[in-house]
Amino acid sequence: MKSTFILLGFLLCSITSVAQQVFKNDELTVSKLKDKTWVVETSDKTTMYIVEGDKRAMLIDTGTKCTALDEIVRKITSKPLDVVITHLHPDHAGNIHYFDSIYLHPADTVMMGEYHYKGKINYVAEGQVFDLGGTEIEVAWMPGHTPGSIVLLNRATGDCFSGDAFGSGQVWLQLEPHVPMTDYLQSCRRMRQLMEQDGIRYIWCGHYPYVKTYYDLGYICKMETLAQRLAAGDTEGAKPFRMPPSTHALGHSVYLSDGPVMIVYNADKIN
């Protein structure tokens, strides 16, 4: 019976979310997802989120191809802003230079040399809570896609802003710096527990334009099953994966899938 409800939830998740557009230019679109929460979709299909409290606001990631991103955010909220980066890949941190201060996990600083950021870098820690005034956003460390990948939890609304920690249908684990599949499996298990036990219901991914909705428990269960197989060395059914050139690409990229859920990994270095 439980598996039936998980499958039903996974199918319902494919229904497009209703998001009301509030701003648009040639590079991005800003739409309201729900009360005090906006999604920013860029022309190259990366995603940022804006969450507002009574006293402060948060920008989650800074995307790419976003001229004057700071000014655009100010069209949505005038409150003091915390800029939090889910991970340091350029499609999520490419516009940090528009902001005087950012937050990120220290495990991703190994990639900071790719940037010439002159602002203040603040490090987040597991369980850290940003109090926006009537809205609290909690940091959860979920290594896998990068060593310092984090998700941001709004427990009151059941929202998780996941960056690329659990992908957008497919999660990339074939990149440098490498994270063992066993570590990613623990991240999947923890995310499942947050959804089963702690009231998290909606995973808003880092490339929302591809899906136009949230991911649910069924998605995470499928991702965990794939990670468990790979962590144990079961690669039956894996196929070659062709990816665009990347400075982060590592080794022989292959993928293992279960319907619409896929893990891309390095066949020569799984754990």
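Annotation for segment 67-122: trypsin sites (Lys or Arg not before Pro) lying in DSSP loop with at most 14 further Cβ atoms inside 10 Å of their Cβ are Lys118.
Helix 2-12 and the long axis of the chain differ in direction by around 50°, with both axes built from C-alpha atoms. Residues whose amide H falls under 5 Å from that of His145, counting only those 5 or more places apart or on a different chain, are absent, with hydrogens built in the peptide plane. Cross-link partners of Lys269 among lysines, defined as those whose alpha carbon lies under 27 angstrom from its own and excluding same-chain residues fewer than eight positions apart: Lys222, Lys239. Among rounded, prolate and oblate, which fits segment 163-215 when a ≥ b ≥ c are the square roots of the eigenvalues of its C-alpha gyration tensor, a/c under 1.5 means rounded, and a/b larger than b/c means prolate? Cα axes put segment 163-215 in the oblate bin.
When the Cα positions of Phe161, Met142, Ala107 are compared along the charge dipole of the chain, Phe161 comes out farthest toward the positive end, with charges on each C-beta of Lys, Arg, Asp and Glu.
Taking the Cα centre of the chain as origin and assigning +1 to Lys and Arg Cβ atoms and -1 to Asp and Glu Cβ atoms, the resulting dipole is close to 440 debye. In order along segment 37-48, phi translates into HN-Hα couplings of 9, 10, 10, 10, 10, 8, 5, 9, 6, 9, 9, 10 Hz, rounded to whole numbers, per the Karplus curve 6.51 cos²θ - 1.76 cosθ + 1.60 with θ = phi - 60° and x for Gly and Pro.
Which peptide among 40-47, 214-221 comes first, and what is the full order, when sorted by highest mean count of other Cβ atoms within 10 Å? It would help to have the intermediate numbers written out before the result.
Numbers: 40-47: 20.8, 214-221: 22.6.
Per-residue Cβ counts within 10 Å, averaged per peptide and sorted highest first, yield 214-221, 40-47.
Put simply, when 233-242, 195-204 are sorted by average Cβ atoms within 10 angstrom per residue, most first, you get 195-204, 233-242.
Pairs Lys65/Lys120; Lys65/Lys212; Lys79/Lys212; Lys24/Lys212; Lys45/Lys118: which exceed 18 Å Cα-Cα? Walk me through the intermediate numbers first.
Values: Lys65/Lys120 22 Å; Lys65/Lys212 20 Å; Lys79/Lys212 27 Å; Lys24/Lys212 16 Å; Lys45/Lys118 27 Å.
The pairs that break the limit, which is 18 Å between Cα atoms, are Lys65/Lys120; Lys65/Lys212; Lys79/Lys212; Lys45/Lys118.
Working ranking of peptides 123-129, 29-35, 146-152 by packing, defined as the average number of other Cβ atoms within 10 Å per residue, highest first, is 146-152, 29-35, 123-129.
With 5 Å bins beginning at zero, the pair-distance distribution over Cα atoms of segment 133-231 amounts to 3, 14, 25, 27, 19, 9, 3, 1, 0 %. How far is helix 181-197 tilted, in degrees, relative to the longest principal axis of the Cα atoms in the chain, given as a value from 0 to 90 rounded to the nearest 10? Between helix and principal axis, roughly 60 degrees. Compared with the dominant principal axis of the Cα atoms in the chain, helix 217-231 is inclined by about 50°.
Every number in this text was worked out from the coordinates using simple rules, so none of it is lab data. No experiment lies behind these values; they were computed from the predicted model shown. Glycine gets a Cβ as well: all are built from the backbone with ideal geometry, and neighbour counts include every protein chain shown.
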